[in-house]
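Working notes, beginning with the structure itself.
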Amino acid sequence: MNTSVHAGADAGIPMDSRFDVATAGTSPTVVRASGLRKAYRKKLALDGTSFEIPAGRIVGLIGPNGAGKTTALKAMLGLIPFEGEMQVLGRDPRTERDALMNDVCFIADVAVLPRWLRVREAIDFVEGVHPRFDRARCERFIANTQLKPGLRVREMSKGMIVQLHLALVMAIDARLLVLDEPTLGLDILYRKQFYQRLLEDYFDEQKTILITTHQVEEIEHILTDVMFIRDGRIVLDAPMEAVGERFVEVLVDAAQADNARALQPIDERALPFGKTVMLFDGVSPAALSSFGETRTPGLADLFVATMKGTYA
């Protein structure tokens, strides 16, 4: 992950507050993108997008609908033509896609599977298309569930569908796992179950997971790194610990509001009883403590501040 934090004024974060943090460890780069550009008719889906992802990280690519998340993934997986430079596991996905997919697993939306599909047919299919699929491992996982080989998707609960997807994913020894809005259509219980099992039973330092979503809260606790994308551009790119060091929220009393605003918060929102929550970028908690209680903002609050105006 390129640990520079990129945040333009159009994203609500001043450009003059950018800073660099040291990259943790010496992990090899799994994905390196530079100047990606992709247009659909007259709309730019990717607009000079650049980023890096090192090995052994769980990265959230987060943005509103239409921000360019899925287009970035399709470029990474060699599914669309694009301008710019891209290396995934040392390969150009435009010219070396077949070799690349031996080391990549891509899953989109676990809530959507053909309703006629049986468990054994799903296993047969993945075994036939992915060279790193371990059928025995998949069947061991399924043995601890209520899934039966002849069970069709239309006969499964949502929780069972999640279990089937997890069994298929965790049986693939891929170096890069790409998840595109994987839990759409699932309630919060099954979403949490999906990510927790992924974290406990699949992830290790040899694997990298890239997750795209606009549901920030559900993945915040598992991420090592985060990228915000808006209008085809990366506006925030940092390890989670750097986000916590850089951004500060302050609960400000009305009497202190003007003094706090003099330090130029990047966002504020009103609360009852005259209090205001202000979000600061690059201002130390010590300099803000006299205005009120300070805290590290949640990723969802930071996302909303960064994306203001996107939904207008």
Q: Using a 10 Å cut-off on Cβ atoms, rank the peptides 154-160, 84-90, 246-252 from the highest mean neighbour count down.
A: 246-252, 84-90, 154-160
Q: With everything on Cα atoms, drop me the angle between helix 188-201 and the longest principal axis of the chain, reported from 0 to 90° to the nearest 10.
A: 70
Q) Which of the peptides 176-182, 30-36 is most tightly packed, and how do the rest follow, going by the mean number of other Cβ atoms within 10 Å of each residue? A) 176-182, 30-36
**Q.** the range 48-95 - accessible surface per residue (Å², probe 1.4 Å)
**A.** 33
Q: Please report how far the C-alpha centroid of the range 145-214 lies from that of the range 253-298, rounded to the nearest whole angstrom.
A: 40
Q: Quick one: Debye curve from the alpha-carbon atoms of the chain only, equal weights, vacuum; give me log10 I(q)/I(0) at q = 0.09, 0.14 Å⁻¹ to two decimals.
A: -0.51, -1.08
(Q) Out of the total accessible area of the range 38-99 (probe 1.4 Å, heavy atoms of protein only), what percent is carbon and sulfur? (A) 46
Q. How about the range 163-245: which GluC sites (Glu not before Pro) there lie in a loop by DSSP and see at most 10 other Cβ atoms within 10 Å?
A. E205
Q | Hits among aspartates and glutamates - C-alpha to C-alpha of K42 under 17 Å, sequence gap 8 or more where chains match | A | E83, D231
Q.
Counting heavy atoms of the protein chains only and a 1.4 Å probe, report the per residue accessible area for the range 195-305 as a whole number of Å².
A. 44
**Q.** Whole-angstrom Cα spans of the range 178-230 along principal axes, big to small
**A.** 30, 28, 17
**Q.** With every protein chain in place, the range 162-274: carbon and sulfur % of accessible area (1.4 Å)
**A.** 50
(Q) How far apart, in nanometres, would the label points at A39 and E127 be if each is projected 7 angstrom from Cα along the Cα-to-Cβ direction? (A) 4.8
Q. Expressed as cubic angstrom per residue, what is the convex hull volume of the alpha carbon set of the range 114-188?
A. 102
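Give the Kirkwood hydrodynamic radius (Å, one decimal) of the range 18-147, defined as one over the mean of 1/r across all pairs of different Cα atoms.
Computed over the range 18-147, the radius equals 17.4 Å.
The values are calculated or read from the model by the stated rules, or taken from the named source; none is laboratory data. Being a predicted model, the structure only gives us computed values, none of them experimental. Heads up, the Cβs are rebuilt from the backbone with ideal geometry, glycines too, and the neighbour counts pull from every protein chain shown. Heads up: the accessible areas ignore ligands, DNA and RNA and are worked out on the full protein's heavy atoms, side chains in. Shrake-Rupley method; radii C 1.70, N 1.55, O 1.52, S 1.80 Å.
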